[in-house]
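The structure appears right after this line, and notes come after that.
The values are calculated or read from the model by the stated rules, or taken from the named source; none is laboratory data. This is a predicted model, so every value here is computed, not measured. Every residue, glycine as well, gets a Cβ built from its backbone with ideal geometry; the counts of neighbours run over all protein chains shown. The accessibility values were calculated without ligands, DNA or RNA, using every heavy atom of the protein model including side chains. Shrake-Rupley method; radii C 1.70, N 1.55, O 1.52, S 1.80 Å.
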Amino acid sequence: PPQGSAEGEIMMNGFRVACRFLAGFNVRKRSQMLVCFAVLLIATPLTVNALSLGQIDSFQDGTTQGWGIGAGTQPSNIPSNGPAGATDHYLQYTSNGGGGTDSKLIIFNQSQWQGNYTNAGITGISLELKNFGSSTLSMRLAFFVNRTTGFSATTPFSLPADGNWHQAFFALISANFTPIGSPGTFNSLLGNFTGQFRILDSASPAIEG
């Protein structure tokens with residue numbers, strides 16, 4: 001199977017951040033793909049609550065740090081060959097395409113990525129992405145409330161199948177997110193988010209992959 005990883009360190013808005021996150025997947029009866037993510041919070045330092053500014057999912061503890069899928073084969077922590085080097089960890093997820101269990105590229109967290117984004121001073125989320133497949137992907141962030149309700153990034157990050165690392169940045173402003181169903185306002189959701197924070201591949205704005 002394909003293998004890959006993600007980790008990085010950058011300086012944005014005067015705040016230093018570093019982390020790793022991944023997902024990888026194969027598309028059944030098509031070409032194999034692997035996508036890796038590093039997830040960072042970027043914002044001007046303010047007073048923080050449960051959700052913290054500069055939050056990093058590095059996966060160096062050998063766990064998935066609360067990332068998973070609903071049913072099927074869960075993502076796994078890979079202990080080597082992350083972007084920081086041979087012993088760097090990342091998280092890998094496989095999606096099979098088609099229909100049913102493991103068919104869609106959706107991975108989510110519903111613990112440390114819940115909370116008050118506004119009070120924490122979080123203005124954006126950055127990811128490191130790597131695609132080992134032969135098809136370009138449309139990667140989006142989504143705030144999932146329920147199966148018919150939430151917000152999805154309006155413009156995806158187009159991830160080429162070139163095997164190189166690419167940094168995606170999603171600014172957390174309402175103009176950049178499309179409502180799905182009737183979720184209320186984007187600013188209200190960010191003030192008290194209690195759903196699933198999702199990373200997914202979708203050709204159009206969606207909270208499902």
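Key figures
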read-out	value
Formal net charge of residues neighbouring Phe197 (Cβ-Cβ distance under 15 Å; K, R +1; D, E -1)	0
Solvent accessible area, Å² - Ile78, 1.4 Å probe, full protein context	40
Gained length - Ser204 relative to Asn187, 0.36 nm times residue gap less alpha-carbon distance	3.9 nm
Net length gained if the chain between Ser103 and Ser174 were fully extended (0.36 nm per residue, minus Cα distance)	22.6 nm
Burial order of peptide ranges 64-77, 128-141 (average beta-carbon count within 10 Å, highest first)	128-141, 64-77
Accessible area per residue in Å² at 1.4 Å probe, computed on the range 73-199	41
Inter-centroid distance (Cα atoms) of the range 181-209 relative to the range 62-95, Å	23
Under 12 Å, Cβ to Cβ, from Met139 - net charge with Lys/Arg +1 and Asp/Glu -1	+1
Potential extension, Ser158-Ser111 segment - 0.36 nm per residue separation minus Cα distance	14.2 nm
